[in-house]
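What follows is one structure encoded as structure tokens, with my remarks underneath.
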Amino acid sequence: MNESDIDRLLRQQAPDIPVRPGLEARIHMALRQRRRRRLHPGWLALPATALVALLAFLAPPEETAPTGVTVAPPEPAAEAESALTALNPLGSEAEAIRNDAERTGRFLIDCLPSLSVAER
Amino acid sequence: MAPHAPDSPPDEASLVRQSRAGSLEAFDQLVHELHPKVHAFLLTLTRNRQDAEDLTQETFVRAWRKLDRFDPSRPLLPWLLTIARRQSIAMLRKNRPLPPLELESVIPAPEPSPGPDLWRTAETHLSRDAFSALWLHYREELSLAEVGKVLGKREGAVKVLVHRARRTLAEKLRNDPPGPPPLPVTPPPIPSIWNNTRVPS
């Protein structure tokens, strides 16, 4: 028996393998189960939800628009404080030197005997 | 292409197109036509009926999910068999720690005939790859190139595989001429209350 005989016999004798009758129904059922699971609305909403979350994350912060709430005016104390700090610091220095000079002058006048008293 | 008669069943290409459009009923018809072939091929790979059935189911579920990637101008069976083989490899990897199952006979008991029982000899003496290649080429009538695609081999490698398988079978038949039909490989049913088998006394 040579290889061409084998070739011919393999084609002639090709057997049929029996399939268990329930297999086809089992495949149909599995297909429908997977399809139902695939079309669950929760999974369909997932991409849209993810997109919204991404846009919310990437969007620039909104400007504070007036929303009916009255903004309180700045307090006067704050204004005075700002005016004080706005003065020239050399002015207060000059004021202090002037006060020192007056005190020194009064001390000298009080300490030195007056001419009129010495003559007396 | 010749037009179909109005009451002839739709051909495979139109069923594939309808299935791609979402018709599960059209895919059911494809399952009806092709599941015995997929099951038989998986049986040659796994040699276990339960595994072959599980994998046949998984193959069709996966094919339904990936049908948009399939080119409808090509025949569907080689594509299904390629998925089936990948599924069987995945299952083999998953179950590797388990002890190997006893291999079942794929080929049913032969009808009494004068010639040698060639397919049983092939099942017994060839490797799984060689037997699957022989099955796809001679039983499913796929070309060697298609067999190569299904088995993940080059066409030349499949040609060599089939040639060697034929030579092995020829040598076996020369050395062991056909005698009386072999005993059935399937063991007798285990006595059970469910199958009404009597325990031999």
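The values are calculated or read from the model by the stated rules, or taken from the named source; none is laboratory data. Note that the coordinates shown come from a computational prediction; the quantities given were computed from them, not determined experimentally. Quick reminder, even Gly has a Cβ in these numbers, built from the backbone with ideal geometry, and neighbours come from all protein chains shown. Ligands, DNA and RNA are stripped out before the accessible areas are found, and what is left, the full protein with its side chains, is counted by its heavy atoms. Shrake-Rupley method; radii C 1.70, N 1.55, O 1.52, S 1.80 Å.
Here is how the numbers come out for the structure above:
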read-out: Residue pairs, from the table B:K37/B:K172; B:K37/B:K149; B:K37/B:K153, whose Cα atoms sit over 23 Å apart; value: B:K37/B:K172
read-out: Residues of the stretch B:41-71 buried by at least 50 Å² on assembly (accessible area, 1.4 Å probe, chain alone as reference); value: B:E53, B:Q57, B:V61, B:W64
read-out: Lysines whose Cα lies under 16 Å from that of B:K66, excluding same-chain neighbours fewer than 8 positions away; value: none
read-out: Heavy-atom accessible area ranking, 1.4 Å probe, most first, across B:R164, A:R8, B:R154; value: B:R154, B:R164, A:R8
read-out: Estimated vicinal HN-Hα couplings, Hz - the stretch B:136-141 in sequence order (Karplus 6.51, -1.76, 1.60; Gly, Pro = x); value: 5, 6, 8, 7, 8, 6
read-out: FRET efficiency, 1/(1 + (r/R0)^6) with R0 30 Å, evaluated for B:R128 and B:E33 via beta carbons; value: 0.70
